[in-house]
Amino acid sequence: MSSQVAVASLGGTITMTGSGAVSPTLGAKDLVQGLEVGEIATLATIPGASLTFATLLETFDWADKQVSQGAQGVVVIQGTDTLEETAYFFDCLWPHEEPIVVTGAMRHPGLPGADGPANLAAAVSVAAAQNSRGRGALLVLNDEIHAARWVRKTHSSLTNAFTSFPGPLGLVVEGAPQYFHPAHRLPALPRPLDAPAVPLIEATLDDDGSVLDWLNVKGAVVAAAGVGHVSAGMAEAISRAQFPVVVATRTGAGTTFRDTYGFTGSESDLIQRGVVMAGWLCPRKARVLLRLAIGAMQPIGDVFAARGGIF
(Lines give C-alpha, C1' and ligand atoms only; values in the text may rest on other atoms or scores of the structure.)
Protein backbone atom coordinates (compact mmCIF):
# COMPACT_ATOMS: atom_id res chain seq x y z
CA MET A 1 0.00 0.00 0.00
CA SER A 2 1.10 3.55 -0.43
CA SER A 3 0.23 6.89 1.11
CA GLN A 4 0.92 8.36 -2.35
CA VAL A 5 -2.21 6.83 -3.93
CA ALA A 6 -5.13 9.25 -4.19
CA VAL A 7 -8.63 7.76 -3.90
CA ALA A 8 -11.94 9.23 -5.10
CA SER A 9 -15.41 7.76 -4.75
CA LEU A 10 -18.32 8.36 -7.09
CA GLY A 11 -20.73 5.94 -5.38
CA GLY A 12 -22.04 2.59 -6.61
CA THR A 13 -22.77 -0.77 -4.99
CA ILE A 14 -19.58 -0.62 -2.94
CA THR A 15 -21.08 2.41 -1.10
CA MET A 16 -24.63 1.13 -0.68
CA THR A 17 -26.38 0.48 2.63
CA GLY A 18 -29.95 0.03 3.84
CA SER A 19 -32.24 -2.28 5.76
CA GLY A 20 -33.96 -3.51 2.63
CA ALA A 21 -33.27 -2.29 -0.88
CA VAL A 22 -29.93 -0.48 -0.71
CA SER A 23 -28.79 2.89 -2.06
CA PRO A 24 -25.44 4.73 -2.11
CA THR A 25 -24.63 6.40 1.22
CA LEU A 26 -20.98 5.76 2.12
CA GLY A 27 -18.19 8.18 1.24
CA ALA A 28 -14.56 7.63 0.36
CA LYS A 29 -13.38 7.95 3.97
CA ASP A 30 -15.73 5.13 4.99
CA LEU A 31 -14.31 2.87 2.29
CA VAL A 32 -10.56 3.38 2.77
CA GLN A 33 -10.45 2.64 6.50
CA GLY A 34 -7.42 0.45 7.19
CA LEU A 35 -5.73 1.28 3.89
CA GLU A 36 -2.65 3.47 3.58
CA VAL A 37 -3.62 6.08 1.02
CA GLY A 38 -3.06 9.76 0.32
CA GLU A 39 -5.69 12.29 -0.71
CA ILE A 40 -9.30 11.13 -0.33
CA ALA A 41 -12.35 12.68 -1.96
CA THR A 42 -16.04 11.90 -2.31
CA LEU A 43 -16.88 13.47 -5.66
CA ALA A 44 -20.35 11.93 -5.98
CA THR A 45 -22.59 9.43 -4.20
CA ILE A 46 -24.72 8.02 -7.01
CA PRO A 47 -25.26 4.70 -8.78
CA GLY A 48 -23.09 3.95 -11.79
CA ALA A 49 -26.00 4.18 -14.22
CA SER A 50 -26.50 7.85 -13.28
CA LEU A 51 -22.94 9.01 -13.94
CA THR A 52 -22.45 11.66 -16.63
CA PHE A 53 -19.57 12.76 -18.82
CA ALA A 54 -19.57 16.03 -16.86
CA THR A 55 -18.95 14.12 -13.61
CA LEU A 56 -16.22 12.07 -15.28
CA LEU A 57 -14.50 15.18 -16.59
CA GLU A 58 -14.55 16.65 -13.07
CA THR A 59 -13.09 13.38 -11.79
CA PHE A 60 -10.44 13.43 -14.50
CA ASP A 61 -9.46 16.97 -13.52
CA TRP A 62 -9.24 15.97 -9.84
CA ALA A 63 -7.12 12.91 -10.67
CA ASP A 64 -4.89 14.92 -13.00
CA LYS A 65 -4.29 17.43 -10.19
CA GLN A 66 -3.38 14.68 -7.70
CA VAL A 67 -0.73 13.23 -10.00
CA SER A 68 0.61 16.69 -10.78
CA GLN A 69 1.02 17.21 -7.04
CA GLY A 70 2.96 13.98 -6.56
CA ALA A 71 0.53 11.07 -6.32
CA GLN A 72 2.04 7.91 -7.80
CA GLY A 73 -1.37 6.62 -8.82
CA VAL A 74 -5.10 7.25 -8.54
CA VAL A 75 -8.02 4.96 -7.68
CA VAL A 76 -11.57 5.84 -8.70
CA ILE A 77 -14.43 3.94 -7.05
CA GLN A 78 -17.82 3.73 -8.74
CA GLY A 79 -20.74 1.49 -9.62
CA THR A 80 -20.01 -1.45 -11.88
CA ASP A 81 -22.95 -0.84 -14.25
CA THR A 82 -20.87 1.60 -16.31
CA LEU A 83 -17.39 0.75 -15.04
CA GLU A 84 -16.13 -0.52 -18.40
CA GLU A 85 -17.14 2.74 -20.06
CA THR A 86 -15.57 4.89 -17.35
CA ALA A 87 -12.31 2.94 -17.58
CA TYR A 88 -12.16 3.54 -21.33
CA PHE A 89 -13.11 7.21 -20.91
CA PHE A 90 -10.10 7.73 -18.62
CA ASP A 91 -7.83 5.63 -20.80
CA CYS A 92 -8.51 7.81 -23.84
CA LEU A 93 -7.62 11.00 -21.96
CA TRP A 94 -5.07 10.01 -19.32
CA PRO A 95 -1.71 11.69 -20.12
CA HIS A 96 0.40 10.39 -17.23
CA GLU A 97 2.75 7.46 -16.69
CA GLU A 98 1.16 7.01 -13.27
CA PRO A 99 -1.85 4.67 -13.50
CA ILE A 100 -5.49 5.50 -12.92
CA VAL A 101 -7.35 2.46 -11.61
CA VAL A 102 -11.13 2.02 -11.47
CA THR A 103 -12.83 -0.44 -9.16
CA GLY A 104 -16.13 -1.18 -7.45
CA ALA A 105 -18.07 -4.12 -6.05
CA MET A 106 -20.62 -6.65 -7.19
CA ARG A 107 -21.96 -7.26 -3.66
CA HIS A 108 -22.99 -4.43 -1.38
CA PRO A 109 -21.51 -4.21 2.15
CA GLY A 110 -24.54 -5.85 3.76
CA LEU A 111 -24.19 -9.12 1.84
CA PRO A 112 -22.12 -12.14 2.93
CA GLY A 113 -18.83 -12.18 1.04
CA ALA A 114 -18.99 -8.50 0.10
CA ASP A 115 -16.14 -8.00 -2.36
CA GLY A 116 -15.68 -4.24 -2.05
CA PRO A 117 -12.88 -4.17 0.55
CA ALA A 118 -10.78 -6.74 -1.31
CA ASN A 119 -11.31 -5.00 -4.65
CA LEU A 120 -10.35 -1.63 -3.21
CA ALA A 121 -7.23 -3.01 -1.50
CA ALA A 122 -6.18 -4.67 -4.76
CA ALA A 123 -6.82 -1.48 -6.73
CA VAL A 124 -4.67 0.58 -4.34
CA SER A 125 -1.82 -1.94 -4.62
CA VAL A 126 -2.03 -1.81 -8.42
CA ALA A 127 -2.06 1.99 -8.45
CA ALA A 128 1.01 2.10 -6.20
CA ALA A 129 3.10 -0.45 -8.10
CA GLN A 130 6.03 0.58 -10.27
CA ASN A 131 5.16 -2.04 -12.90
CA SER A 132 1.73 -0.43 -13.38
CA ARG A 133 3.28 2.70 -14.84
CA GLY A 134 2.70 3.42 -18.50
CA ARG A 135 -0.44 1.28 -18.69
CA GLY A 136 -3.04 4.07 -18.70
CA ALA A 137 -6.38 3.22 -17.14
CA LEU A 138 -6.85 -0.18 -15.53
CA LEU A 139 -9.90 -1.94 -14.11
CA VAL A 140 -9.33 -4.10 -11.03
CA LEU A 141 -11.92 -6.52 -9.64
CA ASN A 142 -11.76 -10.07 -8.35
CA ASP A 143 -7.92 -9.88 -8.20
CA GLU A 144 -7.84 -9.46 -11.98
CA ILE A 145 -6.27 -6.49 -13.74
CA HIS A 146 -7.96 -5.59 -17.01
CA ALA A 147 -6.93 -3.21 -19.76
CA ALA A 148 -9.60 -0.53 -20.10
CA ARG A 149 -9.80 -1.04 -23.85
CA TRP A 150 -10.73 -4.72 -23.67
CA VAL A 151 -12.71 -5.20 -20.47
CA ARG A 152 -16.46 -5.80 -20.52
CA LYS A 153 -19.10 -6.61 -17.93
CA THR A 154 -20.39 -9.98 -19.07
CA HIS A 155 -22.55 -11.04 -16.13
CA SER A 156 -25.15 -9.04 -14.24
CA SER A 157 -24.26 -10.12 -10.69
CA LEU A 158 -21.36 -12.57 -10.25
CA THR A 159 -18.14 -11.39 -8.61
CA ASN A 160 -16.23 -12.47 -11.74
CA ALA A 161 -18.53 -10.40 -13.94
CA PHE A 162 -15.71 -8.60 -15.75
CA THR A 163 -13.82 -10.34 -18.53
CA SER A 164 -11.47 -9.30 -21.31
CA PHE A 165 -10.51 -10.53 -24.74
CA PRO A 166 -7.99 -12.11 -24.95
CA GLY A 167 -7.76 -12.25 -21.14
CA PRO A 168 -6.79 -10.12 -18.15
CA LEU A 169 -3.69 -7.99 -18.39
CA GLY A 170 -2.45 -9.37 -15.08
CA LEU A 171 -3.39 -10.64 -11.63
CA VAL A 172 -2.99 -9.39 -8.09
CA VAL A 173 -0.94 -12.07 -6.31
CA GLU A 174 -0.02 -11.80 -2.63
CA GLY A 175 -1.10 -8.19 -2.67
CA ALA A 176 1.00 -7.11 -5.67
CA PRO A 177 0.27 -6.91 -9.41
CA GLN A 178 1.87 -9.37 -11.80
CA TYR A 179 1.52 -8.57 -15.50
CA PHE A 180 1.58 -10.94 -18.45
CA HIS A 181 2.64 -8.32 -21.01
CA PRO A 182 4.86 -5.22 -21.10
CA ALA A 183 3.26 -1.80 -20.87
CA HIS A 184 1.94 -0.31 -24.12
CA ARG A 185 -0.60 2.40 -24.83
CA LEU A 186 -1.59 5.08 -27.32
CA PRO A 187 -1.02 8.81 -26.75
CA ALA A 188 -3.84 10.54 -24.88
CA LEU A 189 -6.51 12.47 -26.71
CA PRO A 190 -6.95 16.16 -25.88
CA ARG A 191 -9.34 16.87 -23.03
CA PRO A 192 -12.65 17.83 -24.68
CA LEU A 193 -14.26 21.15 -23.90
CA ASP A 194 -17.56 19.31 -23.88
CA ALA A 195 -18.86 15.87 -24.80
CA PRO A 196 -21.98 16.15 -26.98
CA ALA A 197 -24.74 13.59 -26.76
CA VAL A 198 -24.14 10.53 -28.94
CA PRO A 199 -26.84 7.83 -29.08
CA LEU A 200 -26.11 4.12 -29.35
CA ILE A 201 -28.57 2.31 -31.61
CA GLU A 202 -28.76 -1.44 -32.03
CA ALA A 203 -29.58 -2.73 -35.50
CA THR A 204 -32.14 -5.54 -35.29
CA LEU A 205 -34.24 -7.87 -37.42
CA ASP A 206 -36.61 -6.00 -39.76
CA ASP A 207 -35.07 -2.65 -38.85
CA ASP A 208 -35.79 0.13 -41.35
CA GLY A 209 -33.37 2.57 -39.70
CA SER A 210 -36.03 5.27 -39.33
CA VAL A 211 -34.80 6.08 -35.82
CA LEU A 212 -31.78 7.76 -37.43
CA ASP A 213 -34.12 10.17 -39.24
CA TRP A 214 -35.51 11.35 -35.90
CA LEU A 215 -32.15 12.33 -34.42
CA ASN A 216 -30.72 15.81 -34.04
CA VAL A 217 -27.24 14.94 -32.82
CA LYS A 218 -23.57 15.40 -33.69
CA GLY A 219 -22.88 11.70 -34.13
CA ALA A 220 -24.26 8.20 -33.57
CA VAL A 221 -23.02 4.66 -33.07
CA VAL A 222 -24.84 1.70 -34.60
CA ALA A 223 -24.34 -1.70 -33.01
CA ALA A 224 -24.58 -3.78 -36.15
CA ALA A 225 -24.99 -7.50 -36.73
CA GLY A 226 -22.05 -9.79 -37.38
CA VAL A 227 -18.96 -8.09 -38.77
CA GLY A 228 -20.79 -4.80 -39.31
CA HIS A 229 -24.00 -5.50 -41.26
CA VAL A 230 -27.33 -3.69 -41.24
CA SER A 231 -30.54 -3.93 -43.25
CA ALA A 232 -30.91 -2.19 -46.58
CA GLY A 233 -33.31 0.24 -44.90
CA MET A 234 -30.81 1.11 -42.18
CA ALA A 235 -28.12 1.58 -44.84
CA GLU A 236 -30.30 4.10 -46.66
CA ALA A 237 -31.04 5.90 -43.38
CA ILE A 238 -27.29 6.11 -42.71
CA SER A 239 -26.84 7.74 -46.11
CA ARG A 240 -29.47 10.34 -45.19
CA ALA A 241 -27.89 11.11 -41.80
CA GLN A 242 -26.44 14.60 -41.44
CA PHE A 243 -23.93 13.49 -38.79
CA PRO A 244 -21.07 10.97 -38.59
CA VAL A 245 -22.03 7.34 -37.98
CA VAL A 246 -19.72 4.76 -36.43
CA VAL A 247 -20.56 1.06 -36.82
CA ALA A 248 -19.47 -1.55 -34.26
CA THR A 249 -20.37 -5.22 -33.91
CA ARG A 250 -23.11 -6.09 -31.43
CA THR A 251 -21.88 -9.69 -31.03
CA GLY A 252 -19.76 -9.18 -27.92
CA ALA A 253 -16.50 -10.34 -29.50
CA GLY A 254 -14.51 -9.90 -32.67
CA THR A 255 -13.94 -7.03 -35.08
CA THR A 256 -15.85 -5.32 -37.83
CA PHE A 257 -14.74 -6.19 -41.37
CA ARG A 258 -13.93 -3.84 -44.25
CA ASP A 259 -14.10 -5.61 -47.61
CA THR A 260 -15.36 -9.20 -47.43
CA TYR A 261 -19.10 -8.69 -48.13
CA GLY A 262 -20.54 -6.50 -50.86
CA PHE A 263 -24.34 -6.49 -50.47
CA THR A 264 -26.40 -3.44 -49.54
CA GLY A 265 -25.89 -2.90 -45.81
CA SER A 266 -22.61 -4.84 -45.73
CA GLU A 267 -19.45 -3.43 -44.23
CA SER A 268 -17.97 -2.43 -47.59
CA ASP A 269 -21.26 -0.81 -48.64
CA LEU A 270 -21.43 1.16 -45.39
CA ILE A 271 -17.84 2.37 -45.76
CA GLN A 272 -18.73 3.68 -49.23
CA ARG A 273 -21.59 5.57 -47.56
CA GLY A 274 -19.09 7.30 -45.25
CA VAL A 275 -19.42 5.12 -42.16
CA VAL A 276 -16.47 4.79 -39.79
CA MET A 277 -15.92 1.20 -38.63
CA ALA A 278 -15.14 0.68 -34.93
CA GLY A 279 -12.87 -2.31 -35.48
CA TRP A 280 -12.30 -4.18 -32.22
CA LEU A 281 -14.05 -1.60 -30.04
CA CYS A 282 -17.39 -2.71 -28.61
CA PRO A 283 -20.37 -0.41 -29.27
CA ARG A 284 -20.29 1.15 -25.78
CA LYS A 285 -16.63 2.07 -26.02
CA ALA A 286 -17.08 3.26 -29.58
CA ARG A 287 -19.70 5.66 -28.22
CA VAL A 288 -17.29 6.93 -25.55
CA LEU A 289 -14.56 7.46 -28.14
CA LEU A 290 -16.89 9.20 -30.60
CA ARG A 291 -18.09 11.63 -27.91
CA LEU A 292 -14.54 12.45 -26.91
CA ALA A 293 -13.37 12.85 -30.51
CA ILE A 294 -16.23 15.18 -31.37
CA GLY A 295 -15.80 17.14 -28.14
CA ALA A 296 -12.07 17.58 -28.77
CA MET A 297 -12.65 18.36 -32.48
CA GLN A 298 -10.46 15.46 -33.59
CA PRO A 299 -10.82 13.77 -37.02
CA ILE A 300 -13.14 10.83 -36.32
CA GLY A 301 -11.77 8.55 -39.01
CA ASP A 302 -8.19 8.99 -37.84
CA VAL A 303 -9.11 8.50 -34.18
CA PHE A 304 -10.90 5.21 -34.85
CA ALA A 305 -8.22 4.02 -37.27
CA ALA A 306 -5.65 4.46 -34.50
CA ARG A 307 -7.71 2.94 -31.69
CA GLY A 308 -9.90 0.33 -33.36
CA GLY A 309 -7.21 -2.20 -34.21
CA ILE A 310 -5.05 -4.59 -32.21
CA PHE A 311 -1.71 -3.17 -31.11
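The values are calculated or read from the model by the stated rules, or taken from the named source; none is laboratory data. In this text the structure is predicted, and so the values were computed from the model without any measurement. When we count neighbours, we look across all protein chains shown, and the Cβ atoms used for this are built from the backbone with ideal geometry, even at glycine. We work out accessible area using only protein heavy atoms, side chains counted, and drop any ligands, DNA or RNA first. Shrake-Rupley method; radii C 1.70, N 1.55, O 1.52, S 1.80 Å.
Points to keep in mind about this one:
- Residue ranges of strands (runs of 3 or more DSSP E) in the stretch 112-195 with at least 3 members at pLDDT 95 or above, hydrophobic (A, V, I, L, M, F, W, C) and within 18 Å of the chain's Cα centre (by Cα): 137-141
- Out of ASP81, ASP30, ASP64, ASP91, one residue alone is more than 24 Å from GLU174 (Cα to Cα), free of Cβ contacts under 8 Å to residues at least 24 places away in the same chain and part of a helix (DSSP H, G or I). It is ASP30.
- Residues that are open to solvent by 30 Å² or more (accessible area, probe 1.4 Å), free of Cβ contacts under 8 Å to residues at least 60 places away in the same chain and either within 14 Å of VAL198 (Cα to Cα) or part of a loop (DSSP other than H, G, I, E, B) (or both), drawn from the stretch 230-253: SER231, GLN242, PRO244, ARG250, THR251
- Scan of the stretch 153-164 for residues that are in contact with a strand residue (DSSP E or B) (Cβ under 8 Å, 6 or more places away or on another chain), surrounded by fewer than 21 Cβ atoms within 10 Å (Cβ to Cβ) and under 30 Å from ALA293 (Cα atoms), ordered by number: LYS153, THR154, ALA161, THR163, SER164
- Unmet criterion (only one of (1) in a helix (DSSP H, G or I); (2) over 17 Å from VAL5 (Cα atoms); (3) in contact (Cβ under 8 Å) with a residue 60 or more places away in the chain; (4) of a type in the set (A, V, I, L, M, F, W, C)) for LEU56: (3)
- Selection of the stretch 38-68 for residues being over 17 Å from ALA28 (Cβ atoms) and open to solvent by 40 Å² or more (accessible area, probe 1.4 Å) yields ALA49, SER50, THR52, ALA54, ASP64, SER68.
- The set of residues in the stretch 38-52 that are without any contact (Cβ under 8 Å) to a residue 40 or more places away in the chain, part of a loop (DSSP other than H, G, I, E, B) and of a type outside the set (Ser, Thr, Tyr) comprises GLY38, GLU39, LEU43, ALA44, ILE46, PRO47.
- Pairs with Cβ under 7 Å, 6+ apart, first in the stretch 174-193 and within 28 Å of ASP143 (Cβ to Cβ) and open to solvent by 40 Å² or more (accessible area, probe 1.4 Å), second basic (Lys, Arg) and not in a loop (DSSP other than H, G, I, E, B): LEU186/ARG307
- Test result for LEU200, open to solvent by less than 80 Å² (accessible area, probe 1.4 Å) and over 16 Å from VAL275 (Cβ atoms): no
- Among the residues listed as VAL211, VAL217, VAL227, the single one being assigned to a helix (DSSP H, G or I), open to solvent by 10 Å² or more (accessible area, probe 1.4 Å) and at pLDDT 95 or above: VAL211
- The lone exception for SER125 - which of (1) hydroxyl-bearing (Ser, Thr, Tyr); (2) closer than 20 Å to PHE180 by Cβ; (3) without any contact (Cβ under 8 Å) to a residue 24 or more places away in the chain it fails: (3)
- Qualifying residue in the stretch 178-190 (condition: closer than 30 Å to ALA129 by Cβ and among the charged types (D, E, K, R)): yes
- In summary, HIS108 fulfils each of the numbered conditions (1) in a loop (DSSP other than H, G, I, E, B); (2) open to solvent by 10 Å² or more (accessible area, probe 1.4 Å); (3) under 24 Å from TRP150 (Cβ atoms) with the single exception of condition (3).
- Selection status of GLY265, surrounded by 13 or more Cβ atoms within 10 Å (Cβ to Cβ), over 30 Å from ALA63 (Cβ atoms) and out of contact with any helix residue (DSSP H, G or I) (no Cβ under 8 Å at 6 or more places or on another chain): no
- Of the helices (runs of 4 or more DSSP H) lying entirely inside the stretch 267-311, those containing at least 2 residues that are in contact with a Phe, Trp or Tyr (Cβ under 9 Å, 6 or more places away or on another chain) and farther than 15 Å from ALA224 by Cα are 283-295.
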